[in-house]
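Notes to accompany the following structure.
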Amino acid sequence: MNMGRGKCVEMEGEMKSLMKVWVSVLISLCYCYFISSKLPKGMLRFVSLSPVLYQFSMLPLQLSSVLPTGVTAFFITFLTNSKLLLFTFHLGPLSSNSITLLHFFSSACFPITQTLKPHTKLKFHPIFLPIKVLLFALLLIPINQKLHPTLLLSLYCTLVYLLLDIIIGLCNILVNAAFRVQLQLPSDEPYLSTSLRDFWARRWNLTVTHTLRHTVYNPVRSLLSDSLLGPQWAWVCGVMATFLVSGLMHELIFYYVTRVGPTWEVTCFFLLHGVCVVAEFGATKWLGRKCRLHWAVTGPITVGFVIATAGWLFFPPLMRSGADQRSITEFNNVVECVTGIFY
C-alpha cells in the first residue's frame, strides 16, 4: 500500500514538473510573439530568439519519465525550435502578419496543417482512438515475457507506431476543440509502403518529414542547385543532409530519454537509409518502368528492411539503457494510481 502511494506521489511530482515546463513554453512563446516578431528578420531576430532556442533544448532535462520526456523533446526541442528557426528568416507558419497569439502558440507547438472552418469535420476518425489505446495496452502484456528477438522487435515497431498515432490523435482532439485547427497525422499506413522513398517521404512520421523538408532539404537543394554540383547532385546532398540531421535529432532525443551518451548507432541507421533511398531512386531511374518489381514483392522487402535495420541500429540503444522496461513500469504505475482512485 505504501509502495503504491509512493508511486502515485512520484507520478504527481512528474506531472507538476511537466506543467512547469509547458508554462515556461507559453511564456517564452509570448516573448517571441510580442518582442521577436517586431524585429527585422535575419541576425537580429535570431539573436533575440537564441535564449528561447537554448531554453527549449534544456527543458526535457527537467523531466525524468520516459513518455513526458520524449513528447516534450519531440514537440518542443525539435518541432518548435525548427519553426522558430524558420521564423528567424520570416518563413514558415509563424510568419503570417495576421496570426493571433493562440494560433501562434498552437502552430509553434503542434504539427498543424490547416485551420478548420466552423462545422468542418476532422479528417481522422476519433472512434479508432480507443481501439488503438486498447490494442497498445494489450501488446504491452507480452513485453515482459521471454520472446524470440524477431517477435520482440516486431512488437516494439508496432508499439512505436501505435504510440505516435495515439499521442497525435489525443492532441488532435484537444487542439481542434480549442483552436479549430487540424493536426497533421503522424503516418499514412506505413506497412503499405512499396519503396524506401515511399516509406520515408509519404508514409512514416509525416510531421518530421514535413519539418525537415522545409528546414534542411529545400535550403540545401536550393543552395547547391546553382553550384558546380547541379540539380541532380544537389538532390542527393539534400537527401543525405536531411537523413543526417534526422539522425542527430534522434540521438539527442534518445539522450534526453536515457541520459546516456550517444553511440551513433541511430545516426548510422538514418545515414544507411539515406544512402539506400538515393541508390533505390538511381536504380529505378536507370532500369526504367519496365523492370520494376510488383508492389506485392517490393512491399514486404521494404517493410522487412526497415524492421531489420531498426533491430540492428535503432532500438538497441534504448533497450540497453532499459528505457523500454522503464516505460512499461511507468505505464503500470499510472494504471495502478488511476484504478486506486476509483477502488
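The values are calculated or read from the model by the stated rules, or taken from the named source; none is laboratory data. Please read these numbers as outputs of a predicted model, since none were measured by experiment. Neighbour counts run over all protein chains shown; Cβ positions are idealised from the backbone, glycine included. Calculation scope for accessible area: heavy atoms of the full protein, side chains included, ligands and nucleic acids excluded. Shrake-Rupley method; radii C 1.70, N 1.55, O 1.52, S 1.80 Å.
Numerical summary
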{"item": "Those residues of the range 41-74 which are within 21 Å of Cys30 (Cβ to Cβ), among the hydrophobic types (A, V, I, L, M, F, W, C) and open to solvent by 40 Å² or more (accessible area, probe 1.4 Å), in sequence order", "result": "Leu44, Phe46, Val47, Met58"}
{"item": "When residues of the range 33-74 are limited to those that are in contact (Cβ under 8 Å) with a residue 24 or more places away in the chain and basic (Lys, Arg), the one farthest from Glu14 (Cα to Cα)", "result": "Lys41"}
{"item": "Residue count for the range 193-234, restricted to those that are surrounded by fewer than 19 Cβ atoms within 10 Å (Cβ to Cβ), in contact (Cβ under 8 Å) with a residue 24 or more places away in the chain and in contact with a Lys or Arg (Cβ under 7 Å, 6 or more places away or on another chain)", "result": "0"}
{"item": "Number of positions in the range 250-282 that are open to solvent by less than 40 Å² (accessible area, probe 1.4 Å) and over 16 Å from Met319 (Cβ atoms)", "result": "9"}
{"item": "Residue list for the range 51-70, filter: over 15 Å from Lys20 (Cα atoms) and either in contact with a Gly (Cβ under 9 Å, 6 or more places away or on another chain) or of a type in the set (A, V, I, L, M, F, W, C) (or both)", "result": "Val52, Leu53, Val66, Leu67"}
{"item": "Ile301 being within 18 Å of Tyr156 (Cα to Cα) and in a helix (DSSP H, G or I)", "result": "no"}
